[in-house]
Amino acid sequence: MAMAGESSNNNYGDCDGKSHRKVGLVYDETMCKHDTPNGEDHPECPDRIRVIWEKLQLAGVSQRCVVLGGSKAEDKHLQLVHTKDHVSVVKSLSTKKKDYRRNRIASQWNSIYLNGSSSEAAFLAAGSVVELAEKVAEGELDCGYAIVRPPGHHAEPDEAMGFCLFNNVAVAASYLLDERPELGVKKILIVDWDVHHGNGTQKMFWKDPRVLFFSVHRHEHGGFYPAGDDGDYNMVGEGPGEGFNINVPWEQGRCGDADYLAAWDHILIPVAKEFNPDIILLSAGFDAAIGDPLGGCRVTPYGYSVMLKKLMEFAQGKIVLALEGGYNLDSIAKSSLACVQVLLEDKPIQGSSEAYPFESTWRVIQAVRKKLSAYWPSLADVLSSNLIDQKTPTPIIVFSSSDSETEDYADDILDQMSRLNIENHHVDTVSTSWRRDLSKVDVWYASFGSNMWKPRFLCYIQGGQVSRGNKKVCVGSMDKTPPKQIMWESFPHRLFFGRESSVTWGVGGVAFINPLTNLNDQTHMCLYRITLEQFNDVLFQENGLKVDSDSPLFGLDTLQLVEKKGSIPLASGGWYGNIVCLGKECDIPILTMTPPSEAYANTMIRGLVEGGRLSEEEAKAYIDNAASKPL
Ligand code: X5A
Ligand code: ZN
């Protein structure tokens, strides 16, 4: 952005440092009148657009945009993609005197409700997207967001469905291409990031090479709405439109920023470069957002902002967002705000994607690239194995029909995992400060016992099930970068095993090193070089705490202290009470954990007592003594 005093011939800067990009917003309260006929609850509710509008006002961004009221679509424009019949059926809804007449029409469509204002809202939604797209194509506005309902992308030429009456985005695209040739819009990229497949839009431009339609959606091999094969990746268009239809069909839910951005980086962006659109229309549903009750995915506001930012590199930033789905009011408001801030170009994007894409994501991306490489040479290269090795394992959960505990367990894992992700954007705000600082400092995590086994230790970094014999699944660290270095060393100490198995750790029990130097024994340890931030995440997980803490367990001053004193107790109340500094390697401190917390000590004591080795008092004294002494 141009700063004060700099000469600037673009329209992005001025002396108050605020953006001068002209961003259009459409909002019209009339579209709130479309509602269920008897006031039943429905996810596609009037408050959806209200909360978005209120959010933009409260954040002070709508005041910096050009605000347009809605405008009604003309029949002839609707008929560019819809049949005459469909347009007149929707128009007739408003003249029906009785709800039951409308209910009958609604019941002939899939997932549609209607009331006396549905028709008006539908005409406004489509007309508003047309008007905004026209203004952006003309250059009167740089870009914009139409906050409209009912949504549009499921609506087919002769049919309303999936809460959609007219296909708002498709109408606007056809309007620019067919009605306004003088504007010079010859190629349109339609991106559909709504969690559902844009079946209607796909149909309307199936044979049309002027429109490149890209849809990323939950598909689950045809099991997710709108069910069937239409959203499959081998649906590439036909005739002159062959190759101009791209579907990225997720095989599973829970996809998040990492998955979407992988689809962007390895499919959409390279194709967009080749296609070189004159304008982009974005079917901006926010039902892939974290917290959405229908979508089951986890895209954060940050994720949306990055996806949008990447698209703004094309068509000189001429992009029009049109709201589609999105049913968590809080999520759609926050996601919308993040997007408008990107349109205004006033927000340096902050945040990070903590996770890797799912394995299934890479499988889908590779299948799409292979299928589409016949039309888009930039997709022809095979993705490197380094890249696709970066993946988040999907826990494999085996249900035995009568085992309700197993199912609870599965729910727990999924819960635990989605909770972690719900916190992702909190992490960006609340706890970034300690994470940022500690991510710059390296330590050696000296592991003994089962953590010496690399796949097991990596669970604390990358997430996964730490052992077969128990129920513990780790969410991993926020920063999933693997250890920078791995090194083995031996220390003159004895390795102890507490019990053969324990409730928490399952078969294999627990191990610890006798903190008393014993020159006759060698304890082999595996040293993982990780950041102090990751070390904290390992501590959180080892001690059964959540990783989204606002403060670290082990900060910079604690590190200093333990380097000086050799050993310090942690106030975590978890399994390992003490952090011990074993020395330094390459000037980096070597840290390990020892008992006790009380619970751990009791386990150890029980082991020693039941093993006949020591009396209870002796065992207690032994553990206390062992734990308090540095190596
Ligand atoms: C626009 C949109 C979803 C329809 C789901 C029907 N429609 N079960 O998100
Ligand atoms: Zn949707």
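General observations
- Checking each residue in region 283-322 for being open to solvent by less than 20 Å² (accessible area, probe 1.4 Å) and within 13 Å of ligand 2 (Cβ to nearest atom) picks out SER283, ALA284, GLY285, PHE286, ASP287, ALA288, ALA289, ASP292, GLY295, CYS297, VAL299, ALA322.
- When CYS255 is tested against (1) away from ligand 2 (no atom under 16 Å from the Cβ); (2) in contact with a Cys (Cβ under 6 Å, 6 or more places away or on another chain), exactly one condition is not met: (1).
Residues checked against (1) away from ligand 2 (no atom under 14 Å from the Cβ); (2) acidic (Asp, Glu); (3) out of contact with any helix residue (DSSP H, G or I) (no Cβ under 6 Å at 6 or more places or on another chain); (4) farther than 23 Å from ASN328 by Cα:
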position	(1), (2), (3), (4)
ASP192	no, yes, yes, no
GLY198	no, no, yes, no
PHE205	yes, no, yes, yes
ASP208	yes, yes, no, yes
SER215	no, no, yes, no
HIS221	yes, no, yes, yes
PHE224	no, no, yes, no
ALA227	no, no, yes, no
ASP232	yes, yes, yes, yes
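- Set SER117, SER92: member being within 16 Å of GLU44 (Cβ to Cβ) and away from ligand 2 (no atom under 16 Å from the Cβ): SER117
- Restricting attention to region 326-371 and to residues that are closer than 30 Å to HIS20 by Cβ and of a type in the set (D, E, K, R), the residue that is modelled with the lowest pLDDT turns out to be LYS347.
- The helices (runs of 4 or more DSSP H) located wholly in region 266-361 that include 2 or more residues which are within 16 Å of ligand 1 (Cβ to nearest atom) occupy 329-343.
- Residue match in region 137-147 (condition: farther than 26 Å from HIS217 by Cα, under 29 Å from the mean Cα position of the chain (by Cα) and not aromatic (Phe, Trp, Tyr)): yes
- Every residue from region 70-91 that is open to solvent by less than 30 Å² (accessible area, probe 1.4 Å) and part of a helix (DSSP H, G or I): HIS77, LEU78, HIS86, VAL87, VAL90
- Positions within region 17-63 being of a type in the set (A, V, I, L, M) and in contact (Cβ under 8 Å) with a residue 12 or more places away in the chain, in sequence order: VAL23, LEU25, VAL26, MET31, ILE49, VAL51, ILE52, LEU56, ALA59, VAL61
- Residue count for region 100-123 satisfying the condition of being away from ligand 1 (no atom under 16 Å from the Cβ), hydrophobic (A, V, I, L, M, F, W, C) and in contact with a Leu (Cβ under 7 Å, 6 or more places away or on another chain): 1.
- Test result for VAL148, outside any helix (DSSP H, G or I), within 16 Å of ligand 2 (Cβ to nearest atom) and among the hydrophobic types (A, V, I, L, M, F, W, C): yes
- With respect to the conditions (1) within 14 Å of ligand 1 (Cβ to nearest atom); (2) of a type in the set (Asp, Glu); (3) farther than 27 Å from CYS255 by Cα, GLU179 falls short on a single one, namely (1).
- Residues of region 92-115 satisfying the condition of being closer than 19 Å to PRO151 by Cα, touching a residue at least 12 places away in the same chain (Cβ under 8 Å) and outside any helix (DSSP H, G or I): TRP109, ASN110, SER111, ILE112, TYR113, LEU114, ASN115
- Some residue of region 145-152 being more than 20 Å from ASP75 (Cβ to Cβ), aliphatic (A, V, I, L, M) and open to solvent by less than 10 Å² (accessible area, probe 1.4 Å): yes
- Checking ASP47, ASP28 one by one, the residue that is closer than 21 Å to GLU324 by Cα and loosely packed, with under 14 Cβ neighbours inside 10 Å is ASP47 and no other.
- The condition (being within 15 Å of ligand 1 (Cβ to nearest atom) and at pLDDT 95 or above) is satisfied by just one residue among GLU156, GLU140: GLU156.
- Hits in region 151-165 (condition: out of contact with any Asp or Glu (no Cβ under 6 Å at 6 or more places or on another chain), within 12 Å of ligand 2 (Cβ to nearest atom) and assigned to a loop (DSSP other than H, G, I, E, B)): GLY152, HIS154, GLY162
The values are calculated or read from the model by the stated rules, or taken from the named source; none is laboratory data. Remember, predicted model here, so these are calculated numbers, not experimental data. We place every Cβ from the backbone using ideal geometry, glycine too, and count neighbours over all the protein chains shown. The protein model used for the area step is the full one, side chains on, heavy atoms only, and it has no ligands, DNA or RNA in it. Shrake-Rupley method; radii C 1.70, N 1.55, O 1.52, S 1.80 Å.
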